[in-house]
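In what follows, a structure is listed as structure tokens, so that the remarks can point back to it.
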Amino acid sequence: MSDYETILYSAAGPVATITLNRPERLNTIVPPMPDEVEQAVAAATRDPAVKVIVLRGAGRAFCAGYDFGDGFHHWDEGITTDGAWDPGKDFVSATAPQLAPTQKLMSLWRCPKPVIAQVHGWCVGGGSDFALCADLVIASEDAVIGTPYSRIWGCYLSGMWIYRLGLAKAKEHALTGRPLTGRQAAEIELINEAVPFASLEHTVAERAAELARIPASQLAAMKLIVNHAYEQMGIASTQTLGPILDGLMRNTPDALDFIATAENEGVRAVVERRDGPSGDYSQAPPELRPDSSNLIEP
């Protein structure tokens with residue numbers, strides 16, 4: 001078990017496991033999580049015994065996106081100068097491979113070893129962008145997957161919602177931010193499979209064992225050719241434009257009011273305002289929210 005601040009990393013036989021480990025904050029993304037994920041993926045890539053990587057979240061969620069609970073100030077070093085938003089800094093921090101969180105999380109995509117995302121609970125915002133960078137995504141049926149930032153304060157980051165869906169559904173979710181349960185996400189082929197939570201870990205372990213029986217070079221070749229085909233469709237360009245637009249959308253008058261409300265009144269208040277009219281995400285009835293008793297142990 002390696003020592004990290006925001007994740008756990010372990011390797012057992014042919015399977016390495018990366019666990020997002022901020023359960024008290026629903027594994028929301030803060031520095032240095034993107035750097036630590038990139039480091040863990042590099043460790044698994046270099047380990048000749050590892051053939052498959054499993055990505056999961058501790059506690060009751062996979063990942064609830066980027067943490068904006070304190071006004072997003074934990075990212076200030078890369079996006080502000082003298083306390084004010086610096087668009088020049090922001091676009092560099094958002095696009096340079098050495099700096100950009102999206103590019104660091106995309107290390108899952110670039111790794112020659114297959115990655116399985118094990119999704120439960122909330123998988124929203126930047127958390128969904130992150131999960132969809134994996135090769136296979138297996139979710140609990142009651143998971144909630146969506147991009148509430150489609151409504152305010154953001155833009156697609158990895159672009160994987162676009163590349164995994166057809167035009168009709170990509171436009172629908174881009175424009176509405178409407179969430180999907182794990183079962184619905186599997187039905188429209190955003191993800192690979194949805195299973196009852198009680199079967200989730202076992203199902204992921206079975207898929208990992210199946211992949212581990214295949215020669216590593218064969219897995220790498222097949223992953224590379226599929227990735228290369230999609231890269232020819234413009235993933236790199238999308239991942240340049242998306243984070244730049246995300247920076248702009250975080251600094252419109254509406255967005256500044258949104259984050260000021262989050263900072264002054266709390267995330268609950270601003271999320272209520274954003275999602276209340278649609279009656280979804282945390283504002284949905286209990287049957288349309290993840291079962292909070294479904295926990296993943298670190």
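Scanning the stretch 40-71 for residues that are in a strand (DSSP E or B) and in contact with a Pro (Cβ under 6 Å, 6 or more places away or on another chain), we see that the one that is surrounded by the fewest Cβ atoms within 10 Å (Cβ to Cβ) is GLY59.
Having 3 or more residues that are not acidic (Asp, Glu) is the bar; report the strands (runs of 3 or more DSSP E) wholly within the stretch 110-208 that clear it. Please lay out each step first, then the result.
On the way: elements: 115-119, 122-124, 136-140, 144-146, 193-195.
Ranges flagged: 115-119, 122-124, 136-140, 144-146.
For ARG178, the stated conditions do not hold, so it cannot be described as surrounded by fewer than 21 Cβ atoms within 10 Å (Cβ to Cβ) and either more than 25 Å from ASN251 (Cα to Cα) or out of contact with any strand residue (DSSP E or B) (no Cβ under 8 Å at 6 or more places or on another chain) (or both). Note on the stretch 27-39: residues that are farther than 28 Å from SER217 by Cα and crowded, with 22+ Cβ neighbours inside 10 Å amount to 4. Taken residue by residue, the stretch 178-185 has at least one member that is without any contact (Cβ under 8 Å) to a residue 40 or more places away in the chain and either of a type in the set (A, V, I, L, M, F, W, C) or on the phi > 0 side of the Ramachandran plot (or both). The residue list ARG207, ARG250 contains one member that is within 28 Å of PRO14 (Cβ to Cβ), among the charged types (D, E, K, R) and out of contact with any helix residue (DSSP H, G or I) (no Cβ under 6 Å at 6 or more places or on another chain), which is ARG207. Among the numbered conditions (1) free of Cβ contacts under 8 Å to residues at least 40 places away in the same chain; (2) surrounded by 22 or more Cβ atoms within 10 Å (Cβ to Cβ), the only one that TYR9 does not meet is (2). Confirm whether GLU172 is over 19 Å from HIS120 (Cα atoms), open to solvent by 50 Å² or more (accessible area, probe 1.4 Å) and without any contact (Cβ under 8 Å) to a residue 40 or more places away in the chain. Taking the combined requirement at face value, the residue satisfies it. When restricted to residues that are open to solvent by 50 Å² or more (accessible area, probe 1.4 Å) and either among the acidic types (Asp, Glu) or within 18 Å of VAL137 (Cβ to Cβ) (or both), the stretch 72-91 contains 2. Among the residues of the stretch 12-26, the one identified as of a type in the set (A, V, I, L, M, F, W, C), open to solvent by 10 Å² or more (accessible area, probe 1.4 Å) and under 24 Å from ASP142 (Cβ atoms) is LEU26.
Note on the stretch 55-90: residues that are closer than 30 Å to LYS223 by Cβ and not small (Gly, Ala, Ser) amount to 5.
Reported count of residues in the stretch 168-223, each being more than 21 Å from the chain's Cα centre (by Cα) and among the aliphatic types (A, V, I, L, M), is 11. Step by step: first the residues of the stretch 151-161, then only those that are touching a Phe, Trp or Tyr at 6+ places or on another chain (Cβ under 8 Å) and buried (at least 21 other Cβ atoms within 10 Å of the Cβ), then the one that is nearest to TYR230 (Cα to Cα). Which residue is that? The selected residue is SER158. Test of understanding: among GLU206, GLU141, which residue is within 18 Å of CYS63 (Cα to Cα), at pLDDT 95 or above and surrounded by fewer than 21 Cβ atoms within 10 Å (Cβ to Cβ)? Of the residues listed, the single one that is within 18 Å of CYS63 (Cα to Cα), at pLDDT 95 or above and surrounded by fewer than 21 Cβ atoms within 10 Å (Cβ to Cβ) is GLU141.
Evaluated against (1) open to solvent by 20 Å² or more (accessible area, probe 1.4 Å); (2) over 22 Å from LEU288 (Cβ atoms), LEU108 falls short on exactly one condition, (1).
The values are calculated or read from the model by the stated rules, or taken from the named source; none is laboratory data. All of these numbers come straight from a predicted model, not from anything done at the bench. Neighbour counts are summed over all protein chains in view; Cβ atoms, including those assigned to glycine, are modelled from backbone coordinates with ideal geometry. For accessibility, only protein heavy atoms count, side chains too; no ligands or nucleic acids. Shrake-Rupley method; radii C 1.70, N 1.55, O 1.52, S 1.80 Å.
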